[in-house]
1. Within region 79-104, how many residues are within 15 Å of Gly30 (Cα to Cα), crowded, with 18+ Cβ neighbours inside 10 Å and of a type outside the set (Lys, Arg)?
2. May I ask you to verify whether Val92 is assigned to a strand (DSSP E or B) and among the aliphatic types (A, V, I, L, M)?
3. Under 20 Å from Glu40 (Cα atoms), among the small types (Gly, Ala, Ser) and touching a strand residue (DSSP E or B) at 6+ places or on another chain (Cβ under 9 Å), is that true of Ala121?
4. Mind listing whichever residues of region 39-80 are assigned to a loop (DSSP other than H, G, I, E, B) and of a type in the set (Phe, Trp, Tyr)?
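None of the figures in this text is laboratory data; all of them are computed from the coordinates on show. Everything quoted here is computed from the prediction, not taken from an experiment. Cβ coordinates were reconstructed from backbone atoms using ideal geometry, including for glycine residues, and neighbour counts include every protein chain displayed.
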Amino acid sequence: MKYLLLGIGVLAALGAGFSAYHLNRPDGAGADVRIITHGEEVDLASHAVPGKYTVFDFYAAWCPPCRVLSPALERLAAGHPENLAVRKIDIVDWTMPVASQHGIESLPYLILFDPEGREVAMGEEVFTKLLKVFGEDARPVAETTGIDFPEELIGIESAEDGLVM
């Protein structure tokens, strides 16, 4: 029994370590992805990247849907380093100030700022906006939600020679 409990403890520690590594692993080539806080209050507008859409990703290491969304967002950012930045906000747990500051009640939760630094979408609306701006490249991000998005949404704000800012 002692060895069984020890084995379970080791597996739990390895799982937690892998989750922490997975969320903090090096960015994809050229991706503009940064963790900006671990539970502390944060002014999102001051972290919006001028000239780029900025996705603020509220997550926690213990959140399974966050671990699905995170790599999809990072891949999208790696594919559009000139137009997209991702800023990650680790809420740590529900008692931390950043969760109450931004009214976060479920995870993952996203807020999107446009290249001019204006908040343009929050919650599920962010997925729709990403599809409109980044087209097919954003589909894997949207698919993490399980929501069916109409085909006519995809890429309606992008242009052949670049993104409409």
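1. Adding up the residues that qualify gives 5.
2. no
3. Spelling it out, it is not the case that Ala121 is under 20 Å from Glu40 (Cα atoms), among the small types (Gly, Ala, Ser) and touching a strand residue (DSSP E or B) at 6+ places or on another chain (Cβ under 9 Å).
4. The answer is Trp62, and nothing else.
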